[in-house]
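Colleague: Structure in structure tokens, see below.
Nothing in this text is a laboratory measurement; each read-out follows from the coordinates by a stated rule. The structure presented is a predicted model; accordingly, all values stated were derived computationally and were not measured. Neighbour counts run over all protein chains shown; Cβ positions are idealised from the backbone, glycine included.
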Amino acid sequence: MIAGIGIDSVDIERFANWKQRPIEQLAKLFTKQEITYCLQNSEKTAERFAARFAVKEAFYKALSQILPNNNIPFLTACKTISVSHENNGNPIIEINWKFLLKNYPGTLKFNPKTRFKSLVSITHTKHVATAIVLIEHAI
């Protein structure tokens, strides 16, 4: 059963100079693994940061659908997820539900024992990165 869905698109150009930002500043939005991946190829840095930012925005929108009163700050939500890839290259999203439940008790309207499965899809053109995140009740 679908619990939440979110989609977001961002202009890649907006992230053109992010490779020059201090790691501490990038760490406010991204995990160490995400930063390392984004900085690996300077020609793809903007595209990679844009795609991950779009995932975080889409996740926040999906999360907002399963919250009665979304009082989780956006930057906090960003730090609870990490985008990586499976061996076949498909993107995956890892969500730290325990952190959210511990730090925002009573915010999440589901039983703490509820299990969720999260799906993500990312695409981009030369100018725009788009991500969709689906959160569903795991069976």
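Colleague: Computed FRET efficiency, Cβ-Cβ of N41 and W97, R0 25 Å: what is it to the nearest 0.05? Before the final figure, lay out each step's value.
Modeller: Details: r = 31 Å, r/R0 = 1.26.
Computed FRET efficiency for N41 and W97: 0.20.
Colleague: Which Cα, out of T31, Y104, A62, lies furthest along the positive dipole direction of the chain (beta carbon charges, K/R +1, D/E -1)?
Modeller: Y104
Colleague: So, one more: Quick one: among E57, E13, E24, which has the greatest mean-square fluctuation in a GNM of the chain with alpha-carbon springs under 10 angstrom?
Modeller: Highest fluctuation of the listed residues: E24.
Colleague: Take the cross-link list K19/K126; K28/K102; K19/K117 and give me the ones stretching past 22 Å between alpha-carbons. Walk me through the intermediate numbers first.
Modeller: On the way: K19/K126 18 Å; K28/K102 20 Å; K19/K117 32 Å.
The answer is K19/K117.
Colleague: Please give the charge dipole size of region 2-137, origin at the Cα centre, charges +1 on K and R Cβ atoms and -1 on D and E Cβ atoms. Round to the nearest 20 debye.
Modeller: Values: 18 positive and 11 negative charges, 89 e Å.
It comes to approximately 420 debye.
Colleague: Can I ask one more? Can you order the peptides 83-92, 35-44 by their average number of other Cβ atoms within 10 Å per residue, highest first?
Modeller: The peptides rank, most packed first, as 35-44, 83-92.
Colleague: What do you get for the angle between helix 45-65 and the principal long axis of the chain? Use alpha-carbon atoms, 0 to 90 degrees, nearest ten.
Modeller: It works out to around 20 degrees.
Colleague: Relative to the compact globular guide of 2.2 N^0.38 Å, what is the alpha carbon radius of gyration of region 1-90, as a ratio? Numbers along the way, then the final one.
Modeller: Numbers: Rg = 13.7 Å, N = 90, 2.2 N^0.38 = 12.2 Å.
With N residues counted in region 1-90, Rg over 2.2 N^0.38 Å equals 1.13.
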